[in-house]
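Read-outs: derived from the displayed coordinates by stated rules, not from any lab. This structure is a prediction, so every number in the text was calculated from the model and none was measured. Cβ placement follows ideal geometry from the backbone for every residue including glycine, while neighbour counts extend to all protein chains displayed.
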Amino acid sequence: MSTRDASNQDDPVIESRDQLVAPMQQGEKPKADWRIGTEHEKLVYKRSDFHAPSYDEPCGIRDILMNLQDFGWEPVEEGGKVIAMRGDDGTVSLEPAGQLELSGAPLENLHETCNEAGRHLSQVKEIGERCGVGFLGLGMWPDKTREDLPMMPKGRYDIMARHMPRVGNLGLDMMLRTCTIQVNLDYSSEADMAQKFRVGLALQPLATALFANSPFTEGKPNGYLSYRSHIWSDTDPHRTGMLPFVFDEDFGYERYVDYMLDVPMYFVFRDGKYLDAAGLSFRDFLDGKLSILPGEKPTQSDWWDHLSTAFPEVRLKSFLEMRGADGGPWSRICALPALWVGLLYDQGALDAAWDLVKDWSMEEREALRNAVPKEGLAASVPGGRSLQDLGKDVLAIARSGLTARARLNTGGDNETGFLQTLDEIVESGKSPAQRMLDRYHGEWGGDISRVYKYSF
């Protein structure tokens, strides 16, 4: 989630609708300037007893963050508490229950992306060895209850934690127990954004199936392959989902602005503090009628903050954010951006991917999204084929897109190698979750603690 540490006193007040559209318009870039921004979260635990460390305990989350100074990172504070670290590789921040996230820098190719992920994991592993801490690449805590988990000292998290139970049953699980891998990608125009948004939404269930990695809750199989994805279906219907309007012929920036204006607010950031605006209307804010700030109108930063509080399967800010994948190990951190870059950053691949899904109805798209958390690659896609079969076609398209990009490393290899781990998944039809379940019922003998042997 986004990190704020200071209010901008010179921030322009929003006086016109053009300023609401501006972030999306400003995201337009010529193809030569398109970049790849990868985000990945991991679960943090103490090796001595597998507990999730609190913020303040010795070698807890604060100390882990501060140890990153040894690698050139600089602290970011909120209310006197270190809440993130900034450096050349982006931002390391803490999610609500201490999950550690790297929001990577905007990079030109996947070789750089994978090197960045490798540097980060090497750094936190070294810190982990000093502090007796390990890191798990999973989509969800396999054994922890909500009560087992600490809450990090970020003002927006307190507000969200109070609000979540009012609007859904699983929002606290989303905050406290889940991890994801995401990629942020650029577009050249409004039309390019719309095509990429549609392909991204339609194929997000495939990403969920390929990366499904959260089959356990509180030590037992939960009946799902991606329980993390299921959680999003009962978090907050006002700010999640498949966004049917994106597939309307007239979809563009203006329609997304309307959607965001209908998303209830969480907070307003003033003088270094988050003010609780949960459930209030940004439209009222525009009219100077926000109850907690009467007579005050929003600034551009307020709008940017608000854009970060919607959580659909694909999110638009000044880039498109692919949000369907569970957390995973290093190989899948590299594979997730490879999938989407291959599909979206070459026009031939993008057109081919759209051809696969353009005739699906909204009902069919919703049915697939709802089936995948339990069924994974065995889910049926419109036309009667399995998602596994569709996945083979999609990976072939992604490979063609990466080949066409022709971004080579020093050894002369293009970016297609990063798809290998997904090729293996789709060929076998077995998601990472299914492989873990096989171990749980086999060599682990039902002992969920064995999962910690697979940590970074």
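Testing the spin-label approximation: label points 7 Å from Cα along Cα→Cβ at residue 49 and residue 389. State their distance in nm.
Taking the simple label geometry, residue 49 and residue 389 are separated by 5.3 nm.
Give the separation of the Cα centroids, the stretch 200-277 to the stretch 298-359, in Å.
12
At a threshold of 8 angstrom on Cα-Cα distance, excluding pairs fewer than six apart, so keeping six or more, what relative contact order does the chain reach in percent?
21
Quick one: dipole size for the stretch 182-284, taken about the Cα centre, charges +1 on Lys/Arg Cβ and -1 on Asp/Glu Cβ, in debye to the nearest 20.
With only Lys, Arg, Asp and Glu charged at Cβ, the dipole is about 480 debye.
With only alpha-carbon atoms counted, please give the Rg and Dmax of the stretch 167-301, in Å.
Answer for the stretch 167-301, Rg first and Dmax second: 18.0, 52 Å.
Plugging the Kirkwood radius over Cα pairs into Stokes-Einstein for the stretch 116-208, at a temperature of 25 °C and a viscosity of 0.890 mPa s, what D comes out in µm²/s?
Rounded to a whole number, D works out at 145 µm²/s.
Work out how far the C-alpha atoms of the chain reach from end to end along every principal axis, then list the three figures in whole Å, largest first.
So the extents along the principal axes, rounded to whole Å, are 62, 54, 45.
Tell me, what is the percent relative contact order of the stretch 301-382, built from C-alpha pairs under 8 Å that lie six or more residues apart?
Normalised by residue count, the contact order of the stretch 301-382 is 12 percent.
Let me spell out the model: positive unit charges on the Cβ of Lys and Arg, negative unit charges on the Cβ of Asp and Glu, origin at the Cα centre of the chain. What dipole size does that give, in debye rounded to 20?
980
Can you compute log10 of I(q)/I(0) for the stretch 231-383 with the Debye formula, treating each Cα as one identical point scatterer, at q = 0.21 Å⁻¹?
Cα-only, vacuum Debye calculation for the stretch 231-383: -1.46.
Post the alpha-carbon centroid distance, the stretch 107-162 to the stretch 421-456, in whole angstrom.
20
For the stretch 377-442, state what percent of all Cα-Cα pairs lands in each successive 10 Å bin, counting from 0 Å until the bin that includes the largest distance.
The distribution over the stretch 377-442 is 19, 38, 28, 13, 2, given as percents.
Among 220/273; 42/430; 154/220; 154/453, which pairs are too far apart, with a Cα-Cα distance over 29 Å?
Over 29 Å Cα-Cα: 220/273; 154/220; 154/453.
Could you tell me what percent of the DSSP beta bridges with both partners in the chain are antiparallel, to the nearest 5?
90
Please report, in debye to the nearest 20, how large the charge dipole of the stretch 246-344 is about its Cα centre when each Lys and Arg carries +1 at its beta carbon and each Asp and Glu carries -1 there.
The calculation lands at about 380 debye.
What residues have an amide H closer than 5 Å to that of residue 299, excluding those fewer than 5 places away on the same chain, when H is modeled at 1.01 Å from N in the peptide plane?
Residues meeting the amide H criterion: 14.
Rg and Dmax of the stretch 233-309, Cα atoms, in Å?
Over the stretch 233-309's Cα set, Rg and Dmax evaluate to 13.5, 42 Å.
If all Cα-Cα distances of the stretch 28-166 are sorted into 10 Å bins from 0 onward, what percent lands in each bin, rounded to whole numbers?
Reading upward from the zero bin: 11, 40, 33, 14, 3, 0.
Would you calculate, for the chain, the mean residue ellipticity at 222 nm contributed by helices, counting each DSSP H stretch of 4 or more residues as -39,500 (n - 2.57) and dividing by all residues, to the nearest 500?
-12500 deg cm²/dmol
Pull up the cross-link candidates among the aspartates and glutamates for residue 358, meaning alpha carbon to alpha carbon under 16 Å and not fewer than 8 places away within one chain.
192, 248, 249, 250, 366, 393
Can you list the residues, at least 5 places off or on another chain, whose amide H is less than 5 Å from the amide H of residue 218, using H built in the peptide plane?
143, 144
Based on the inverse mean of 1/r over its pairs of different Cα atoms, what is the Kirkwood hydrodynamic radius of the stretch 290-368, in Å?
16.1
Please enumerate, by chain and number, the lysines with C-alpha under 23 Å from the C-alpha of residue 29, excluding those fewer than 8 residues away in the same chain.
196, 317
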